[in-house]
Every structure is written in C-alpha cells, then in structure tokens.
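The values are calculated or read from the model by the stated rules, or taken from the named source; none is laboratory data. Nothing here was measured: the structure is a model prediction, and the numbers come from that model. A quick note on method: Cβ atoms are made from the backbone with ideal geometry, for glycine too, and the neighbour counts reach across all protein chains shown. All accessible areas refer to the heavy atoms of the entire protein, side chains included, with ligands and DNA or RNA removed. Shrake-Rupley method; radii C 1.70, N 1.55, O 1.52, S 1.80 Å.
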Amino acid sequence: MGEQDAGGRIDGTGRPHDESAARRRGRNAATWTAVGLLLAGAAVLGAAYLKLDGNIRTVDISTQLGDDRPENTDDGSLDILVLGSDSRAGDNAAYGRDDGGSSRSDTAMVVHVHDGRTAASVVSIPRDTLITRPECTGRDGEPVPAAYRAMFNTAYEVGGPACAVKTVEQMSGIRMDHYVEVDFTGFRKLIDELGGVEVTTTRPIKDGSSHLDLPAGTHTLDGEQSLALVRTRKGVGEGSDLGRIQLQHAYMKALMEQVQRVGVFTSPAKLWGLADAATKAVKPDSGLDSVSELVDFASGLAGLDADEVQMITLPVVYDTVDRNRVVPVETQAQQVWSALRLDQPIPAEATKDTATGSAEGVVR
C-alpha cells in the first residue's frame, strides 16, 4: 500500500488520488511544449546546416589527376594549394571586363601545416614564374598539351584547378592534400563579415588600377579595400608581382590576428554570418564537400598563431630573356620543397640573394 501525505492518499503508482485532471493535462502540455521547442530548434539547426551545405561548390580534382601523383605520405602534416581566382564572370564583373569565366590565378600559395597544427609554412608562387607546364586534363575533360616556358598562372587558365594542382605537384614533388579556391566577391564579403582588418601603412599607397588610396597610418580595411590591397601592384615600389606578394603576406598575418580577436564562438550571429560568407567564398576540392568536413578542417587550423606562420616567396630571379618574367632558382627552390616534404621549417639560405619586391614593411 502507498503512504499518506499532506496532499491526500497515494496509490500504488505514487500519484495522489485527488490530483485534478486539469493539473495532469497542464503538466503533459508543458512536457510536449518542451519537446516541441527542442524539435523546432533541431529543425532550425538542420535547416541552417542544409543551407550552409548548399553554399558549398566543390571541384573534383582527384578524378582528373588519376594516379600520376607524388606519394601520399601520412606524417601528420597537411599541404594545401590555395588559389585566388581573378575571373571577371558573374558578380566579379565589377572588377573588370566579363571574361565569360575564363580566368587566371593572380594568387597562388602552397600552405604546409606542420604536424601538431601549431605552425605552418606558406610558399607564394609568383604568377609570372616561367615553368614547364605538364600535360593536363582540362575542365572539359580534353587533354591540354605540355608547354615549355609557360607562365605559372596559365596552368589554371587552360586546365582549371586540376592542372594547377598537377603543375604544383610536378614543381614540388609534394602531393597536395587539399585545394581551396577563393574569388573576389567571396573574399570581399568574408572580410566585411569579420568587421574589417586592421593594418598600418608606413607610407601612402595609391593605385588607380585597384582603386586603392591609403595615406600612411592605421586603417581598418573593409572588404573592398582589402581586396584592392592584395591585388595592388602599381601602388608600391617597382610595381611587380613580387611586391604584391609582400603586401599579401603582411595582410594575411593581420587577417589571422583579426580572426583570433573576433570571438565568433561567443556570438551566434557572428558565427552564422561568418559561416555563411565563408562557405560561399571558397571552392574546395571534393574532400571538403560538406560543412562537417570544412569544420573539421578549420578546427585543425584553429591553433595556428600568426607568429608561427613562416611566409616566403618561391626563390626566383628575373629571366635573362624577358625581364617581366621570373624563373625559379632550382637549387634553392628544391631546398624549400625538401623542407616541406620533411615537415621542417624553410631554411633562411633558401631565399638568400633571390629576387624580391620593394614592398617589405609597407604594411604591418
């Protein structure tokens, strides 16, 4: 038998006999309301997840590259080819004549994330570097013939992402684990979502081509200004691609510091805005074709500090035939690629006495 308490006699179920039906209905309603809210919340999160997944556009480079690639070594490090697309098609038409989607890559970086994910090495490849471009499979599946003394950025132009990856793998002897492409409009929107990036210019930068006009001093650059800065050549020094790379390296350091300051995980609205912009800004390889894979990938890079990222330009000298072009210094270039293959820092002597721009220290 049950026990008697102040609320009335209790039966074998433990429920008071005199509990009203209305009270039971109220309690059940509260329970189902809570369940409903949880389900509604899950539905919202699921819809958000699907929306972000729907933003992602990927490229399948593995099928086009086949098995003719460097060995896939599993030493805990990651190698990623990051390209900045300069297509003027679609939303990017504001930055020049619409090219119908035919584009080159003005920015190319091999990002090597060292084992442990607390340090990285970045090697920028000048777009005007003369290389032997390998035979590739183009965007349409047709073969693209090899070319001698071709500019590096023609690999992307004639053969798309797969040809760019194959060219870098032939140059370096390193298999790229991932490929990430960023376009003008996506980059601009992502920086605006971050709230801009703070940089200090040590002298004025004015470039009519990129529409950048910055006096000396500290600035918080919005997306449009940031894009102009990383594209500018004529506004600094001798106007070469090497100087532009120096500006890009300085800006990337400032961007990394800004990402660390933003505190996205304490602001759901900021996190959502950044996630939405980021998934629209990049076109990764098919190994990063979902939000969960991109989150895992990004989480692995979260421990990187700007001070632990070594940035260099591929060792080059000006070509003796065409001074508007550069060629790799093979011995020193191989020092760079060897260090990455061995998951070691790039030695200082690898870039000694090579061609550099004149924008060092212009942006801090």
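Assorted remarks:
- Some residue of segment 136-144 being open to solvent by less than 10 Å² (accessible area, probe 1.4 Å) and either in contact (Cβ under 8 Å) with a residue 60 or more places away in the chain or touching a Ser or Thr at 6+ places or on another chain (Cβ under 8 Å) (or both): yes
- Pairs are defined by a Cβ separation below 6 Å, a sequence spacing of at least 6 or placement on different chains, a first member in segment 205-232 that is within 12 Å of Phe184 (Cα to Cα) and of a type in the set (D, E, K, R), and a second member that is outside any helix (DSSP H, G or I) and open to solvent by less than 60 Å² (accessible area, probe 1.4 Å); the pairs so defined are Arg231/Ser210.
- Count - residues of segment 304-357 that are open to solvent by 60 Å² or more (accessible area, probe 1.4 Å) and of a type in the set (Val, Ile, Thr): 4
- Counting only strands (runs of 3 or more DSSP E) wholly contained in segment 256-364, the ones carrying 2 or more residues that are within 23 Å of Gly116 (Cβ to Cβ) occupy 309-313.
- Looking only at segment 52-71, and only at residues there that are within 22 Å of the chain's Cα centre (by Cα) and assigned to a loop (DSSP other than H, G, I, E, B), the one that is farthest from Gly186 (Cα to Cα): Asp60
- Any hit, segment 247-268, residues being hydrophobic (A, V, I, L, M, F, W, C), in contact with a Phe, Trp or Tyr (Cβ under 6 Å, 6 or more places away or on another chain) and in contact (Cβ under 8 Å) with a residue 60 or more places away in the chain: no
- Hits in segment 204-258 - residues which are farther than 27 Å from Ala278 by Cα and touching a helix residue (DSSP H, G or I) at 6+ places or on another chain (Cβ under 8 Å): Ile205, Asp207, Val236, Gly237
- Every residue from segment 118-161 that is among the charged types (D, E, K, R) and more than 22 Å from Pro70 (Cβ to Cβ): Arg127, Asp128, Arg139, Asp140, Glu142, Arg149, Glu157
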